[in-house]
1. Can you check what the net charge comes to around Val62, using other residues whose Cβ is under 13 Å from the Cβ of Val62 (Lys, Arg +1; Asp, Glu -1)?
2. Could you give the angle, 0 to 90 degrees to the nearest 10, between helix 363-375's Cα long axis and the longest principal axis of the Cα atoms of the chain?
3. Taking only DSSP H segments of four or more residues, each worth -39500 (n - 2.57), what value at 222 nm results for the chain once the sum is divided by all its residues, to the nearest 500 deg cm²/dmol?
4. Which whole number in µm²/s is D for segment 168-288 by Stokes-Einstein, with the Kirkwood Rh taken over Cα pairs at 25 °C and 0.890 mPa s?
5. Which of the trypsin sites (Lys or Arg not before Pro) across segment 98-143 are loop residues per DSSP, with 15 or fewer other Cβ within 10 Å?
6. Which value, to two decimals, describes the C-alpha radius of gyration of segment 303-444 once divided by 2.2 N^0.38 Å?
7. So what are the ³J(HN,Hα) numbers for segment 205-212, from phi and the Karplus equation (6.51, -1.76, 1.60; θ = phi - 60°), rounded to whole Hz, Gly and Pro as x?
8. List the GluC sites (Glu not before Pro) within segment 1-92 that fall in a DSSP loop (any state other than H, G, I, E or B) and whose Cβ has at most 14 other Cβ atoms within 10 Å.
Amino acid sequence: MSKPTDVIVQDVSLFFLPVQTRVPLKFGPETTNRVMCARARIRVENAQGQSAEGWGETPLNVQWVWVSSISLEERERALEQFTVALAASWQAFRSQGHPMEIGHEFLSHELPRVHEEFNKARGDGEPMPWLAALVSCSVFDIALHDAYGNVNRMPVYATYSADFMNRDLSAFLHPHEARAVDFAGLYPQDFLVRPAPSSVPAWHLVGGMDLIAEADLNGNQPDDGYPYVLTDWINRDGLKCLKIKLRGNDAGWDYQRLVTVGTTAVEMGVDWLSADFNCTVTDPLYVIQTLDRLLIEHPRLYGMLLYIEQPFPYDLEDNRIDVHALSARKPLFMDESAHDWKLVRLGVDLGWTGVALKTCKTQTGAILSLCWARAHGMTLMVQDLTNPMLAIIPHMLLAAHTGTIMGVETNASQYYPNASEPEAAVHPGLYRRRNGMVDLSSIQGPGFGYRIAQIERELPPPAFG
């Protein structure tokens with residue numbers, strides 16, 4: 001069956017927008033000082049002959065998607081080349097339907113093919129990871145969802161239903177063998193928060209190199225009108241939630257960092273903490289001992305710790321670590337490992353209790369993982385990839401419609417606030433946190449509600465299209 005709202009891709013353009021960080025951000029063993037953002041424009045036509053364009057954007061953060069000892073420059077160059085190859089593939093892709101259906105087909109068949117061919121062409125070079133391929137693909141998948149909403153004059157999140165989709169969730173998802181779940185007759189709308197709130201709590205990232213208080217300053221920090229130390233950020237933005245980046249390979253440093261940040265949080269009226277061990281832990285006992293010590297020595301800080309994020313290596317299939325003893329202490333969220341709902345299913349068997357969703361792994365994949373996780377009683381969070389400019393809008397909408405454990409992580413305003421000035425002029429509440437919240441009320445209209453015509457952003461010449 002088909003519907004008059006079904007679309008087919010007509011044209012694709014790709015742009016690269018370089019961004020410099022205001023201050024360095026440490027990702028695991030590497031430090032980020034710059035990022036290349038990819039922005040795609042996709043034009044679609046629906047079955048009624050109407051056409052419209054949509055936009056997608058994501059940072060191509062190679063330090064996160066491709067952890068390696070090979071040079072940053074080589075990885076950045078390869079990721080950009082792959083994104084251009086994907087633009088050509090999306091241009092030629094002739095699947096028709098709802099973006100959930102088109103996106104799923106591309107993720108299931110076309111993306112693996114392009115990824116395999118790209119890695120073969122690299123010869124003896126280190127293969128590009130699947131996570132990197134997903135992030136490159138997300139820019140086009142997000143644009144497709146936006147275009148679909150625009151051509152049919154509907155907000156994207158109003159289209160994830162039987163009125164618009166040709167297939168229910170049973171065509172995409174399979175339940176866990178041990179759970180009595182049936183996806184037949186269900187659609188994403190059955191798992192989404194409706195109506196979505198117009199504001200959500202904001203999580204601030206405390207990076208591994210971030211300074212905590214005025215006494216930590218050495219006079220070399222930028223004087224650009226933005227806060228620099230954590231205490232100033234808390235005061236300015238009224239923050240109530242802090243995500244603490246840890247090392248995962250230095251137990252003494254990690255424990256002291258939790259105590260230092262947590263003590264400051266208590267003094268300044270912060271309510272919640274979370275801990276991100278950066279995928280560098282290989283033994284659950286490392287995290288368990290840290291938590292147990294915190295419980296004994298600082299029980300209030302332990303109580304404020306809402307969840308633990310992805311302590312263990314990215315590749316869940318090759319690192320099948322039983323984490324039940326850890327998740328019995330605190331909710332344990334998959335992030336980098338949660339490429340799709342099939343890996344979430346494996347995570348359940350290993351003891352993971354929550355999923356951190358990201359639009360940078362595609363809108364289609366995020367919605368499917370959300371539905372699978374919620375159907376199986378898992379807790380959800382929406383995490384940031386330091387999304388600036390347009391990228392923050394689908395990210396915020398996903399959080400608002402997910403019903404997360406608590407709000408949304410949003411840290412682009414910390415690390416490159418000036419990058420988003422044209423977008424912030426139209427959506428001020430998204431790029432500046434106030435009273436510990438982000439305000440989504442400016443997101444209006446069809447698609448993702450970018451209001452793209454009002455954003456005075458000058459784009460560079462296209463890399464494709």
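Read-outs: derived from the displayed coordinates by stated rules, not from any lab. Please read these numbers as outputs of a predicted model, since none were measured by experiment. No Cβ is skipped: glycine too gets one built from the backbone with ideal geometry, and neighbour counts run over all protein chains shown.
1. Value of the local net charge: -3.
2. 70
3. -10500 deg cm²/dmol
4. In µm²/s, the coefficient is 137.
5. For trypsin sites (Lys or Arg not before Pro) across segment 98-143 that sit outside H, G, I, E and B with at most 15 neighbouring Cβ atoms in 10 Å, the list reads Arg122.
6. 1.09
7. 8, 9, x, x, 9, 6, 8, 9
8. Of the GluC sites (Glu not before Pro), not one in the loops of segment 1-92 has a Cβ with at most 14 other Cβ atoms within 10 Å.
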